[in-house]
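See below for the structure under consideration.
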Amino acid sequence: MSLFSCYLKTGLDFPSEYTNLFFDLWGVLWDGNQFYPYVLDTLKELKAVGKHIYILSNSTELSAYSIPQKEKKGLILGVHYDDYITSGDACRFMIQEGLFEQLTSLKKPACYTVGRSNPALFKGMSIRSVKDVSRADIIYLSGLDLNGVAVTTIDPFIPFMREALEKKLPAVCANPDYTYMKGDESFPANGALGKWYEENGGHVCWIGKPYANIYRYVFQRTKANPQTSLMIGDTLRTDIEGGKNAGMKTVLVTHTGVVSRLLKKGEKIADLLAEHHMGNPDYILEVVGDVNARISA
């Protein structure tokens, strides 16, 4: 069967044999400011027909924070989905299991956070947070904003990264995405800083899609079977590659998110897939929200 004979028009067309649907958030369900049209209706209908719906995001925010925030926008646990899992959740779990000690060979390593403060990540743990890179044993790469304002370049953070390089500090990055979107605007994500650090000789522990660690955590948490699961995303590098490596079938969304922006710039879907050497998605999907299948709230 050729790739393009597996073309799905909307999220309601998912094959019946897949009972576990893992949705990326940004670019698939959410544009950074609001949910795409009819997405919430579609998720509700999928749950009504027995699908298990999971949101799997490369956000460093813990799901305990994200769930009530998205509920204000209409996404309700138990109504639209079964669980909300972030790379921040996986990171916290790994830290509790001794990740920082493994990376530094120290009993209580001192951690410096590059970027936005994320105290919830370390809450209840005996992590020594320091406010100076020179006193750190490890660095954690957090959200890239200054005083609550998103940055358009990683440049403000490079001096801290250079100091960490000089000390040969290991870095932990729980968002492997290089960029993220808010509406039509693109901003650098944590992964852009991790990429810079790695390219300049630093060691980065990556947590999140496409890496195996988040999928181990996901399947342990949800008890889902990879063989009956779909990974639905808009990014070949993280969503599709990660899902395939985890033994899942994959769905690339083309009319919203990353691929959509590339197509609007004149790229061809066949060329994008040909350039991706980690394997093509199993299905192509236009949008999750189905404008022809809107249901009542």
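The values are calculated or read from the model by the stated rules, or taken from the named source; none is laboratory data. Since the model is a prediction, treat every value here as computed from it, not as a measurement. Cβ coordinates were reconstructed from backbone atoms using ideal geometry, including for glycine residues, and neighbour counts include every protein chain displayed.
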Worksheet item: When you look at Gly124, is it closer than 17 Å to Val204 by Cβ, out of contact with any Pro (no Cβ under 6 Å at 6 or more places or on another chain), modelled with pLDDT under 95 and not in a helix (DSSP H, G or I), yes or no?
Response: no
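Condition check ((1) within 29 Å of Asn213 (Cβ to Cβ); (2) free of Cβ contacts under 8 Å to residues at least 12 places away in the same chain; (3) assigned to a helix (DSSP H, G or I)) across all residues:
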site: Phe22; (1), (2), (3): yes, no, no
site: Pro37; (1), (2), (3): no, no, no
site: Lys47; (1), (2), (3): yes, no, yes
site: Gly50; (1), (2), (3): no, no, no
site: Ala64; (1), (2), (3): yes, no, yes
site: Pro68; (1), (2), (3): yes, yes, yes
site: Ile85; (1), (2), (3): yes, no, no
site: Asp89; (1), (2), (3): yes, no, yes
Practice prompt. Among the candidates Ser129, Ser117, Ser134, single out the residue that is of a type in the set (S, T, N, Q) and in a strand (DSSP E or B).
Written response: Ser129
Fill in: region 200-231, residues that are within 17 Å of the chain's Cα centre (by Cα) and at positive phi
Gly208
Discussion item. Please go through region 165-178 and give me each residue that is within 20 Å of Arg237 (Cβ to Cβ) and touching a residue at least 60 places away in the same chain (Cβ under 8 Å), ordered by number.
Written reply: Val172, Ala174, Asn175, Pro176, Asp177
Worksheet item: Do you know which of the residues in region 113-165 that are under 20 Å from Asn58 (Cα atoms) and among the small types (Gly, Ala, Ser) is surrounded by the most Cβ atoms within 10 Å (Cβ to Cβ)?
Response: Ser142
Worksheet entry | Looking only at region 259-297, and only at residues there that are at pLDDT below 85 and among the small types (Gly, Ala, Ser), the one that is nearest to the chain's Cα centre (by Cα) | Gly279
Worksheet item: Is it the case that Pro226 is assigned by TED's automatic domain parsing to the domain that holds Asp31, out of contact with any Cys (no Cβ under 8 Å at 6 or more places or on another chain) and within 28 Å of Val258 (Cβ to Cβ)?
Response: yes
Item to complete: Those residues that are within 26 Å of Arg135 (Cα to Cα) and surrounded by fewer than 19 Cβ atoms within 10 Å (Cβ to Cβ), I need them from region 166-188; list them, please.
Response: Glu166, Lys167, Lys168
Discussion item. So for region 163-171 (the condition being assigned to a helix (DSSP H, G or I), touching a Gly at 6+ places or on another chain (Cβ under 6 Å) and not assigned by TED's automatic domain parsing to the domain that holds Gln34), does at least one residue qualify?
Written reply: yes
Worksheet item: Within region 102-112, is there a residue that is part of a helix (DSSP H, G or I), surrounded by 11 or more Cβ atoms within 10 Å (Cβ to Cβ), aliphatic (A, V, I, L, M) and without any contact (Cβ under 8 Å) to a residue 60 or more places away in the chain?
Response: no
Worksheet item: Just for helices (runs of 4 or more DSSP H) wholly inside region 185-297: which have at least 3 residues that are among the hydroxyl-bearing types (Ser, Thr, Tyr)?
Response: 212-222
